[in-house]
1. Can you name the number of the only condition in (1) at pLDDT below 95; (2) crowded, with 21+ Cβ neighbours inside 10 Å that residue 55 fails?
2. Given (1) buried (at least 21 other Cβ atoms within 10 Å of the Cβ); (2) farther than 22 Å from residue 112 by Cα; (3) charged (D, E, K, R), where does residue 26 come up short, assuming only one miss?
3. Which members of region 150-186 meet the condition of being more than 26 Å from residue 112 (Cβ to Cβ) and surrounded by 15 or more Cβ atoms within 10 Å (Cβ to Cβ)?
4. What number of residues within region 66-105 satisfy the criterion of being in contact with a Phe, Trp or Tyr (Cβ under 9 Å, 6 or more places away or on another chain), over 24 Å from residue 33 (Cβ atoms) and among the acidic types (Asp, Glu)?
5. Of everything in region 1-37, what is among the small types (Gly, Ala, Ser) and more than 16 Å from residue 108 (Cα to Cα)? Give them in sequence order.
6. Just a yes or no: is a residue in region 39-46 at pLDDT 90 or above and surrounded by fewer than 18 Cβ atoms within 10 Å (Cβ to Cβ)?
7. Need pairs with beta-carbon distance below 9 Å; first residue closer than 15 Å to residue 11 by Cα and within region 32-59, second in a loop (DSSP other than H, G, I, E, B) and at pLDDT 95 or above; sequence gap 6+ or separate chains.
8. Against the condition at pLDDT below 90, assigned to a helix (DSSP H, G or I) and farther than 15 Å from residue 94 by Cα, how does residue 146 come out, does it pass?
Amino acid sequence: MSAIRLLVLGAVRQHGRAHGYQVRGDLEYWGAHEWSNAKPGSVYHALKQMARQGLLHAHETAASTAGGPPRTEYEITRRGAEEFLSLLRASLRAYDRRPDVLTAALGFLVELPREEAVGLLRERLHGLEKWHATVMARYMPEEGPAVLGHIGEVMNLWLCSAESEAVWCRGLIERMEGGAYTFTGEGEPFVGVLREGQENPYATGEWHPEDDR
């Protein structure tokens, strides 16, 4: 699963209707260009590809009265909304996905009802714990990873990563069950997209309005 698909669908969904420059700005605002493959070209490609797949509807807009170029604005379709929620659920549930996929899903965590989000994270935690126990029983010598030479450090890294993620996951579940954050159906949720014309302090300067034509 690619994080870029979830990120782009989620950004368009939160805007209601957005052009590529806005979507790119949002992803930069979230720092996605640092922890995922959300580079300018991949964002633009994802928008066009998902429009062809019927997940986004492309609106051709007229040139602005100020003389600017016309832009293509994208709006999520019903199929696109279903795909977004499916990707979000899978990304929260599955413990064996790339870190950028989980990071992308966390950005849209509150798009689900609280109880459902907690349930998905509990599934993730269960998978992590089961995987950790299996690896410890089958592959990790009682004497420790050094017995396997430096190659043992590979498994040791993944075991430590799983233990750390499990601690984080339990903490998040506890915070959510304690009432943290505003989830779907609970009121006005936090929306972290940039408003039209709002300056992006994290802009890289690699994306230009003419790319939206």
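The values are calculated or read from the model by the stated rules, or taken from the named source; none is laboratory data. Computed from a prediction, not measured in an experiment: that's the story for all the values here. Positions of Cβ are backbone-derived with ideal geometry, glycine not excepted, and every protein chain shown enters the neighbour counts.
1. (1)
2. (2)
3. 152, 155, 156, 159
4. Matching residues across region 66-105 total 1.
5. Within region 1-37, 18, 20, 25 qualify.
6. Within region 39-46 (the criterion being at pLDDT 90 or above and surrounded by fewer than 18 Cβ atoms within 10 Å (Cβ to Cβ)), the answer is yes, since at least one residue qualifies.
7. Listed pairs, sorted by first residue: 55/77; 56/77; 57/77.
8. yes
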